[in-house]
Amino acid sequence: MLSCDICGETVTSEPDMKAHLLIVHMENEVICPFCKLSGVNYDEMCFHIETAHFEQNELERSFARINTIQIRTSDNRKDNTLQCRMEVNSSVHSACASNHPKISAQSLPYDGTLKHKTFYSENLTKSRKFLKSKEKECDPSKIKGSIYETTYSSPECPFCGRIEDCSQDMENHVKTKHADLLDTPSEDHDQPLYDCPMCGLICTNYPILQEHVDLHLEESSFGHGIDRVQCSRDLELAHQLQQEEDRKKRSEESRQEMKEFQKLQRQYGLDNSGGYKQQQLRNMEIEVNRGRMHPSEFHRRKADMMESLAIGIDDGKTKTSGIIEALYRYYQNAATDVRRVWLSTGVDHFHSSFGDKGWGCGYRNFQMLLSSLLQNDAYDDCLKGMSIPCIPKIQSMIEDAWKEGFDPQGASQLNNRLQGTKAWIGACEVYTLLTSLRVKCHIVDFHKSTGPLGTHPRLFEWILNYYSSDREGSPKVMCTSKPPIYLQHQGHSRTVVGIEERKNRTLCLLIFDPGCPSREMQKLLKQDMEASNLKQLRKFVGNLKHKQYQIVAVEGVLSSEEKVVSIYIFDYVKLEQVELTSLRFLVKISVIPLYLILHYFGFVSFNFWSGHL
């Protein structure tokens with residue numbers, strides 16, 4: 001006898017089993033007999049029934065075992081047996097094949113069985129109804145000439161021995177009378193059950209649970225490994241992006257620094273775009289192209305410029321003389337609001353030209369200072385035979401002073417070269433040049449404001465003390481023997497030629513600005529000069545608000561020995577506390593013993609109040 005692995009039905013031969021499987025189980029959709037789940041394959045349904053309907057499945061198996069006991073061959077048990085033989089004719093097989101062309105008996109395994117676990121579907125109910133209907137129709141005698149040839153006997157209860165008329169009654173009897181025996185757990189059910197802490201799956205023993213959990217852990221470890229690999233890749237990508245961003249940032253900063261450096265080079269005339277001569281010619285050509293200068297005038301000025309450059313003397317076309325004398329006359333006859341005024345010695349005003357516009361203020365202020373020294377007999381010894389040099393000549397003289405050893409740090413900042421450039425010069429270069437000419441001078445730095453709103457009242461007091469040693473009893477207008485003062489601040493320089501003390505005790509500086517053209521300065525030479533004409537010269541305390549000011553003040557003539565010492569020592573007065581980083585205040589420590597030796601033999605002296613030689 002062969003038993004169906006799906007529904008438990010028994011048949012006598014393999015052809016009968018194939019027919020049973022084909023008709024009962026293969027035609028219909030796989031449906032869970034307990035919860036009607038469908039749409040899954042056979043293996044998934046088996047797993048579903050074993051896990052979700054374990055108890056119901058055990059009950060069905062019990063009934064299957066009862067049916068197997070009641071319906072089996074009578075070879076071993078001749079009493080209370082039912083022989084059921086099902087013979088399927090070849091016509092039935094052909095009819096089945098014709099009715100089910102897609103699913104035939106040949107599609108089953110060669111041994112005619114299914115190699116799977118117990119499986120239940122709605123076909124179980126249908127097949128049982130079919131067999132029960134056949135049992136009712138059959139009598140105990142053998143039915144001949146039909147497809148089914150069956151011998152029946154009354155089923156006997158395996159528990160109490162009761163005999164019923166049919167299998168349905170016996171099934172009801174067992175369910176009602178022996179339910180406690182059916183519900184009694186088997187030996188396998190006596191074992192404790194284990195729930196998976198990760199997915200809730202119930203396992204029958206601990207090793208299975210451990211193996212199941214290990215699979216979870218391996219899957220989790222694999223996922224974490226993938227996450228770590230992805231995280232490592234993300235970190236590497238982030239690092240690469242950061243490096244690229246830093247590289248771009250450094251490149252941009254380098255480019256910006258180079259741009260700013262080139263801008264500063266252009267601003268201070270160190271961009272190798274030519275010097276005084278090139279700018280003079282270029283600007284005159286522009287004037288000719290704009291129709292402001294006749295070509296003949298261009299060639300005449302060009303010839304004069306070339307002659308001036310050849311001899312190294314300024315052509316005097318930007319000079320205005322006699323202004324100090326005109327100011328003296330004005331203060332004598334007018335200026336009723338002025339209590340006293342002190343004027344320097346005679347000074348010629350020089351303004352910028354086409355060749356030095358925008359960068360030549362320092363050179364023009366040196367020309368003003370030198371014009372005053374040349375009119376003072378006290379400086380004939382050191383300036384004998386000199387004339388006012390042109391700007392390229394001044395650049396050459398500063399380079400010569402550098403070669404003598406003056407201000408080596410300042411020379412290195414300007415690449416030891418001024419000629420052919422538009423490099424700016426300041427207080428240090430003017431001091432260097434005057435010292436190389438044996439003119440005694442010193443630099444005074446007013447590094448921060450000493451009054452409200454960023455003003456410098458101490459600068460005004462210092463200049464007042466410079467021009468007047470005794471203010472009481474002096475006349476209203478005082479023409480002193482003091483040279484003018486070189487005044488430097490950020491971006492520009494000017495020349496101080498005097499100072500007013502007004503009746504309200506306020507101070508006002510008189511300043512020559514190289515940016516002021518000759519036509520404006522010549523208005524001061526008129527006999528009927530008005531107070532409004534002095535507006536361009538007067539600078540009150542509130543007009544000077546730059547952060548820092550430096551002045552170069554001339555005080556006499558240096559001897560040859562003092563000049564040698566001055567090569568190594570910058571004569572510098574510090575008012576309060578000075579920021580040395582903003583100035584080129586340089587002292588060579590190695591020459592201090594030399595200075596002490598010179599001081600011992602009386603070659604040099606030191607004024608402790610002013611801090612200068």
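The values are calculated or read from the model by the stated rules, or taken from the named source; none is laboratory data. What you are looking at is a predicted structure, and each value in this text was computed from that prediction instead of being measured. So basically every Cβ, Gly included, is an ideal-geometry build from the backbone, and we count neighbours across all protein chains shown. All accessible areas refer to the heavy atoms of the entire protein, side chains included, with ligands and DNA or RNA removed. Shrake-Rupley method; radii C 1.70, N 1.55, O 1.52, S 1.80 Å.
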Self-check item: Spacing of the two label points (7 Å from each Cα toward its C-beta) at E245 and C35, in nm
Solution: 5.2
Exercise. Kindly flag which residue pairs out of K277/K523; K403/K440; K259/K422; K18/K175; K302/K482; K317/K482 have an alpha-carbon separation exceeding 28 Å in this structure.
Key: K277/K523; K18/K175; K302/K482
Quiz prompt | Sum of side-chain charges, H489 neighbourhood, beta-carbon under 10 Å (Lys, Arg +1; Asp, Glu -1) | solution = +3
Quiz item: Using a Förster distance of 35 Å, how high is the FRET efficiency between T450 and H294, based on the Cβ-Cβ distance and rounded to 0.05?
Solution: 0.10
Exercise. With a 10 Å radius around each residue's Cβ, average the other Cβ atoms per peptide and rank 296-303, 417-424, highest first.
Key: 417-424, 296-303
Quiz item: Which values of log₁₀ I(q)/I(0), to two decimal places, follow from the Debye formula for the stretch 443-514 at q = 0.17, 0.18, 0.19 Å⁻¹ with a uniform point scatterer at every Cα?
Solution: -0.71, -0.80, -0.88
Self-check item: Fully extended contour minus Cα-Cα distance, from K545 to T480, at 0.36 nm per residue
Solution: 20.6 nm
Quiz item: T336: accessible area at probe 1.4 Å, nearest 10 Å²?
Solution: 110
Practice problem: State the extension gain, in nm to one decimal, for the chain segment bounded by R233 and L2, taking 0.36 nm per residue of separation less the distance between their alpha-carbons. | Solution: 77.0 nm
Self-check item: Extension gain, H212 back to N333 (0.36 nm per residue minus Cα-Cα distance, nm)
Solution: 31.7 nm
Quiz item: Label F47 and L374 with points 7 Å out from Cα along Cα→Cβ: what is the distance between them in nm?
Solution: 11.1
Quiz item: How much of M198 can a 1.4 Å solvent probe reach, expressed as accessible area in Å² and rounded to 10?
Solution: 100
Quiz prompt | Calculated Rg and Dmax of the stretch 404-529 using C-alpha coordinates, Å | solution = 17.7, 52
Practice problem: Report C428's accessible area, 1.4 Å probe, all protein chains in place, as a number in Å² to the nearest 10. | Solution: 10
Quiz item: At a 1.4 Å probe, what is the % contribution of carbon and sulfur to the accessible area of the stretch 202-268?
Solution: 55
